[in-house]
Every structure is written in C-alpha cells, then in structure tokens.
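Peer 1: Supplied in structure tokens, the structure appears directly below.
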Amino acid sequence: MNLKERLSELIFLEVKTKELEKLLHVNIDWNESALFMPISASYLSKNINDNNKIDNIPVSEFIFGMTLTIGCDKEFRFNNIYKALVREIPGAVSYIKSVVADFVKNEKLVSAYAVLKGLIEIEANEDNYEKALIVSEALRQKNKEYKDEELIIIEDMKDKIQSPLPYFYESLIYKDDERYDMAMISLDTYFKKGGKREVQILEFEEWLRKSANYEKAKEVLYEDPSKALELFLPLLDENSDNPLIYYHIAVAYRLTDNYEKAIYYLNESVNLDDNILEVVNELGLNYASLGDYESALTYFKKAFEVTGNIEFCTNIIMCYLNLNNIKEAKIYFEKGEQIDKEDEILKDIKRYF
C-alpha cells in the first residue's frame, strides 16, 4: 500500500501566516510568511466558489488535512508545523479520533489507518497505537500486502511506548506466516512485559504450542522418527480430521519398522482423503516391507498411472524383481528409461539386469 498516493485527495492552499493565526486561533512562531495548508479536494469542489474566502473553510477541514498529510508522508516539509498546530488547536485531537471512528464505522479502513498514522505522530500514546494496530491487523486479514504497514506500527510502538501490545500483534503475523516458534517467542515476550492472560489469548498460546510441535515433528521425522511420534500422537485428538497427520505418523512408524501400525494410520488417512498420492505410495512401501509385493504393486501402480513419476516406476520394478517376474520388471524398466534415463535407482536396476 502506498499511502503517499492518498495525498492526491488533498489540495494545498497557500495561506499567509497572519491569516492562518487568525483562522485557527493560534500563534505561529516559525519564520514562514505563508504555509501550504492541505484541504480535501472533495470538500473544495462541493463548498468553494469564486466568492468564498479562506476564512469560510471550517477549521476541522484543516485539522483533517494536516493529520492525513502527516500520516501519508512522513517526510513532508511542513509536518513539524502541522503537528504543532494540531496540538495547539483546542479539541483538534478529539476531532481526529471522531473522524477515525466514523471511518471504521463505515468500513473505510484504509482512510482510518492513514489518519491514525498521523494521529500517533501527533499524540504518541498506547491508546492511539492500539487503535492503529487493530485497524492495520484488520487490513492485513483482508489483504496480506498490508503486513509491512502493520510491522511499521509494531516496531514504532516498541521504540516509543512501553507496552506488551506490539508483541502480541507480532505473534499474530508470525502465526499467519506459519513461523510458530517465532510466534511463541513474541507471545512469551508479550506475557513477560505484562500482557493480560485472557482466556482467548491463553487458547491462542496453546494452539501455537501445538502447531509448533507439529512443525517440529515434521522437521525431525526422518532423523528421529521416535521423537516425531512423541510430538505427533498428542496432537491427534484435535486434528482427527486432518489426513496429513495420519500420514506423518505412518511414515514415523514405517521408519521404526512398525509396518502394521503404519498401514493402520495410512488407512485412516485414506478414509478422510483418498486422493493423496504420498499416502498411496506409503501403503505400497509398507506392504513391500512386509513382503506382500502383490498388494504393494496395487498401490504403486495406482500412483504411477496418475503421475508417471519415476519413483513409483522404480518401486514397481523392484516389486516385480522380488516376485521373480523379470518380464514385467523389464516392461516397467523401459517405461522408466523413457521418463528419466539418469535416475540413479534406474541405473542400479540396469546394472542388475
């Protein structure tokens, strides 16, 4: 999102400093003979004609224009003057907050966020930052491109405000990025800095812990299948409708030579979704490991027919070799060479022939 583009919604009017002091009821100490004051283009088109004067423009329009400019362009030349003016104008901050509330009520979240970015530059407190986080989180949930904007608010709040809130929202972003370990670290920091242990947040913490364990189990599956099982099995009750967790558990059991249990969990996976080719292949591997090559062939052939994958082809060849069916083995060997002559397993089979 490029907030600077929203400046095109404003028109900058050159106003003499003395005239501006009278209009806004403030004292301007800067060495500027005139200032460029931002006004909503839509307001001017509806309310200004050649006979109108600058003092007919409501002060609220200047307040809105200055705040939006600050929020949309952090480097704008007159930002420091705008900030000082808004702080000095009686009731200006309260007015800005009411504008934000109206934008949110009417689901104009981008406009609400742009004004909030200006507001936290004018009045940096926890309440305003919290509103900015809430709106930026809502925007990110609708469009992931807003993630960078939310991260800007999070890092800015960490620097300026002693609060646990930015760490909670950081945890939400890590969670959506499936970086569960990092999400746990951010949430732990949230608690350490005094974040509330509300029921929903504690439930979120538990969900993160289980998700982190799930990812960890997948990471260690092939190097430490017994450890993977320790992590996978407690997650099964709450993930009983997920065919992939049954698949991963089955792989762990196969790697620990417990083929019957592996087949049991693979069948559970098939009951939920019979179109996962990795599960079909695993069934073939487990039956082959038990010496039931006829059953293994049924699964390997099913997978090979769908994908034409060299891995499934070489598994079929090995089954036929174990059944001493050289004729069928050579038929599939020829198919394999048409797919990938350089496959290492296929080269080993060729040497065997």
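The values are calculated or read from the model by the stated rules, or taken from the named source; none is laboratory data. The model shown is predicted, which means the values in this text are computed figures rather than measured ones. All Cβ positions, even for glycine, are placed from backbone atoms using ideal geometry, and neighbour counts span all protein chains on display. SASA here: full protein model, heavy atoms, side chains in, ligands and nucleic acids out. Shrake-Rupley method; radii C 1.70, N 1.55, O 1.52, S 1.80 Å.
Peer 1: Counting only protein chains, not ligands or nucleic acids, how are His248, His25 ordered by accessible area (probe 1.4 Å), most first? List each step's numbers first, then the result.
Peer 2: Numbers: His248 30, His25 150 Å².
Result of the area sort, largest leading: His25, His248.
Peer 1: Here is a further query. Give the cross-link partners of Lys22 among the aspartates and glutamates, using a straight C-alpha distance below 17 Å as the criterion and excluding same-chain residues fewer than 8 apart.
Peer 2: Within the straight-line cut-off, Lys22 pairs with Glu14, Glu32, Asp55, Glu61, Glu88.
Peer 1: Next up: Per residue, how many Å² of accessible area does the stretch 39-132 show with a 1.4 Å probe? Don't skip to the answer; put the middle values down first.
Peer 2: Details: 4460 Å² over 94 residues.
On a per-residue basis, the stretch 39-132 sits at 47 Å².
Peer 1: What angle, in degrees between 0 and 90 and rounded to the nearest 10, separates the Cα long axis of helix 277-289 from the longest principal axis of the Cα atoms of the chain?
Peer 2: Tilt of helix 277-289: around 30 degrees.
Peer 1: Using a 1.4 Å probe over the heavy atoms of the protein chains, calculate the carbon and sulfur portion of the accessible area of the chain as a whole percent. The partial results should precede the final answer.
Peer 2: Numbers: 8770 of 19190 Å².
Reported share for carbon and sulfur atoms: 46 percent.
Peer 1: Need the list of lysines near Lys160 for cross-linking: C-alpha distance under 25 angstrom, and skip anything on the same chain fewer than eight residues off.
Peer 2: Lys160 reaches Lys4, Lys74, Lys83, Lys97, Lys117, Lys131, Lys147, Lys175, Lys192, Lys193, Lys196.
Peer 1: Work out how much length Val199 to Lys108 would gain on full extension: take 0.36 nm times their residue separation and subtract the Cα-Cα distance, in nm to one decimal.
Peer 2: Working: separation 91, 0.36 × 91 = 32.76 nm, distance 3.03 nm.
Working it through step by step, the gained length comes to 29.7 nm.
Peer 1: Sorted by accessible area with a 1.4 angstrom probe, largest first, how do Arg6, Arg197 fall?
Peer 2: Details: Arg6 50, Arg197 150 Å².
Ranking Arg6, Arg197 by accessible area, largest first, yields Arg197, Arg6.
Peer 1: Just the Cα atoms of the stretch 258-329, one point each, no solvent: what log10 I(q)/I(0) does Debye give at q = 0.15, 0.27 Å⁻¹?
Peer 2: -0.45, -1.21
Peer 1: Give the angle, between 0 and 90 degrees and rounded to the nearest 10, that separates the Cα long axis of helix 92-105 from the longest principal axis of the Cα atoms of the chain.
Peer 2: The answer is roughly 40 degrees.
Peer 1: Subtract the Cα-Cα distance of Ile326 and Leu233 from 0.36 nm times their separation in residues, and report this length gain in nm to one decimal.
Peer 2: 29.3 nm
Peer 1: So what is the 222 nm mean residue ellipticity for the chain from helices alone, if each DSSP H run of at least 4 adds -39500 (n - 2.57) and you divide by all residues, rounding to the nearest 500 deg cm²/dmol?
Peer 2: -22000 deg cm²/dmol
Peer 1: Moving on to the next point. What percentages, rounded to whole numbers, describe P(r) for the stretch 3-119 computed over all alpha carbon pairs with 5 Å bin width beginning at zero?
Peer 2: 2, 11, 23, 25, 21, 12, 4, 1, 0
Peer 1: Largest first, what is the accessible-area ranking of Leu13, Leu202 with a 1.4 Å probe? Could the numbers behind the result be given before it?
Peer 2: On the way: Leu13 45, Leu202 65 Å².
So the residues, ranked largest to smallest area, are Leu202, Leu13.
Peer 1: In a Gaussian network model over the chain where Cα atoms closer than 10 Å are linked, find which of Asp237, Asp273, Asp73 has the largest mean-square fluctuation.
Peer 2: Judging by the Gaussian network model, the answer is Asp237.
Peer 1: Let me ask you something else. Once the whole set of protein chains is in place, how much accessible area is left on Glu145, using a 1.4 Å probe, in Å² to the nearest 10?
Peer 2: 130 Å²
Peer 1: Hey, what does the equivalent ellipsoid look like for the chain, semi-axes from the Cα gyration tensor as sqrt of 5 times each eigenvalue, largest first, whole Å? The partial results should precede the final answer.
Peer 2: Numbers: eigenvalues 892, 113, 46 Å².
The answer is 67, 24, 15 Å, longest axis first.
Peer 1: In degrees from 0 to 90, rounded to the nearest 10, what is the angle of the helix 109-122 Cα long axis to the longest principal axis of the chain?
Peer 2: The angle comes out near 60 degrees.
Peer 1: I would also like to ask the following. May I ask for the net charge around Glu238, where only other residues with Cβ less than 14 Å from the Cβ of Glu238 are counted and Lys, Arg are +1 while Asp, Glu are -1?
Peer 2: Working: positive: Arg209, Lys210; negative: Glu203, Glu206, Asp237, Asp241.
My count for the surroundings of Glu238 gives -2.
Peer 1: Using 1/(1 + (r/R0)^6) with R0 = 30 angstrom and r between the beta carbons of Ser33 and Lys158, what's the FRET efficiency to the nearest 0.05? Write down the numbers at each step before the final one.
Peer 2: Numbers: r = 40 Å, r/R0 = 1.34.
Efficiency for this residue pair is about 0.15.
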